[in-house]
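The values are calculated or read from the model by the stated rules, or taken from the named source; none is laboratory data. Note that this is a predicted model, so its numbers are computed, not measured. Here the Cβ positions follow ideal geometry from the backbone for every residue, glycine too, while neighbour counts run over all protein chains shown.
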Amino acid sequence: DDSSIFIHATLNHIKYALMNGDHGIIHILDLYICITKVKVIENMMK
């Protein structure tokens, strides 16, 4: 499904990657963040 998206964070950026190969930066961070929770939506992962 080409609508699937992977979102991840580095020290300075929040980035995305699509199944079709597109990728990019969603936001440039001024401060360091630590991700503490991940939510998986089951019907979107199939």
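Given the criterion touching a strand residue (DSSP E or B) at 6+ places or on another chain (Cβ under 7 Å) and of a type in the set (Ser, Thr, Tyr), identify the matching residue among Tyr32, Tyr16. Steps first, please.
Numbers: Tyr32 fails: touching a strand residue (DSSP E or B) at 6+ places or on another chain (Cβ under 7 Å).
Tyr16 is the lone residue from the list that is touching a strand residue (DSSP E or B) at 6+ places or on another chain (Cβ under 7 Å) and of a type in the set (Ser, Thr, Tyr).
Scanning region 21-46 for residues that are surrounded by 10 or more Cβ atoms within 10 Å (Cβ to Cβ) and either outside any loop (DSSP other than H, G, I, E, B) or modelled with pLDDT under 90 (or both) yields His23, Ile25, Ile26, His27, Leu29, Ile33, Met44.
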